[in-house]
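Below is one structure, written out as structure tokens, with a few remarks after it.
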Amino acid sequence: MIGLSSALLIGGVLLLLLLLLAARGISAARGLAAKSDLPLCDDADFVTCPQEFVPKIFSRVDWEFVSQTKSPKLVKLFRRERKAVALLWVRQTSAAIQWVMHEHAVAVRGSRDLEFLTEVKLVLRYGELMLLCGALFLAIQSAGPLWLSGLAVYADALSRSIAEAQQAFAAAATPREIHTLGPV
Amino acid sequence: MLSQLIAWGGITLEVLLLLRGLKGKLAFRYPVFYAYFSFVVLQDLLSFGVYRWYHQYYPTVYWLTEFLALLFGCGVVFEIYRVGLSAFPGTARMARNALALVFAAALTFGLAQAWTDPRWWMEAATTDIEGALRAVEALAIVVLAALFLLYSIPVGKNLRGILLGYGLFVGTTVLSLEFVSGSGTAFHHFLSAAYPYFYFLSLTLWVAHLWSYAPNPVPAASVRLEREYQRMAAATHRRLQDARGYLAKAVRP
């Protein structure tokens, strides 16, 4: 009745969650109970590096400057280092987001006034951010941070051209609508 | 030879678990789990006797006791919820709502299936019905395990053992019952062969975690947050929103 794919999904998710619980139990047994649930982040605030520093990690300005030197070694070194910095930033940000959620969970888990819908919204937002972090991590890992910037520029240009096309379409459609409104 | 070893090892572990449960008074702390487990042991003995001396009644007795075991199993899930979340009324409330949602979704799904294919109820094999009920039970365990992880609920050694062993048993049952219909496939043969080993693993987990009593950790200080919940939720929402903006900076041209 439930189907093979549903059975596989339910069984798989259940076994994965049990593994996570078992891992938590093992760390607790090793005396890491206090820290086992916490992400690798000491700061309660989520900003792990200055905000103005973030666009620079993904900026092409430094890359263009380095590529002008025409030194393959320097270019390779720059790519590698920039990628490492970008990946570290994603990891730190992800850990900080986990910390925010962990702090919230620990603070409210005993509250009698806990609201189901509010919590579901927070969990969904948390899931969205973790997915975003995962996608960023994969994108940087596979293509590098500079490609991400290029993709953003491309997406921006594409959305502008779509908006322009929409405006042009709306301008072309308006007289026809006015025409149909009149007497036939 | 190995299957014989697993069978005799399983019986030894079952007896050991019951003896330790009585000696360490764990049976009084987790009465539903031990009632369930005693029933499973009796079911094994009864099934063995009927199979040997009244073979024609074996299928009836087997499925009847299997459904009773499933009902007892639902009690075990309730006990995990009751013991694990007794000190966390907020999370217990979340669990109640989430479980109600799961049961409502399962009921709607079942009714929709019956509506689209009314013959299913007449033609469904016993394994199909058990598979569907076990899947709902597995979803209830998924909800509880996810809440334990999400809210960092401290779970004591005994309760963790019950949850891990029973979750493993239900998870593998869901998979194997679904693959029964696909008899002849390589995965079906693998699951049929592996099923006793998974049950043996569940028994090992139970014996290891329920050897002696280990109290469930209680939070050090109970913070009275009743009036502050909305403020805290709003603050968390704001912080996550900030994090979103922070991440967006990476891809903003």
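Values quoted throughout were computed directly from the atomic coordinates according to the rules given, and no laboratory measurement underlies them. Since the model is a prediction, treat every value here as computed from it, not as a measurement. We place every Cβ from the backbone using ideal geometry, glycine too, and count neighbours over all the protein chains shown.
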Given a Förster distance of 60 Å, the FRET efficiency implied by the Cβ-Cβ spacing of B:GLN241 and B:TRP53, rounded to the nearest 0.05, works out to 0.30
Set Lys and Arg Cβ to +1 and Asp and Glu Cβ to -1, take the dipole of segment B:74-164 about its Cα centre, and tell me which of B:GLY156, B:PHE78, B:ALA98 lies farthest positive. B:GLY156
Here the alpha-carbon Rg of segment B:2-218 over 2.2 N^0.38 Å rounds to 1.08
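Counting helices only, and only those DSSP H runs with n ≥ 4, report the 222 nm mean residue ellipticity of chain B as the sum of -39,500 (n - 2.57) divided by its residues, in deg cm²/dmol to the nearest 500.
Numbers: 10 runs with 205 residues, N = 253.
Value at 222 nm, helices only: -28000 deg cm²/dmol.
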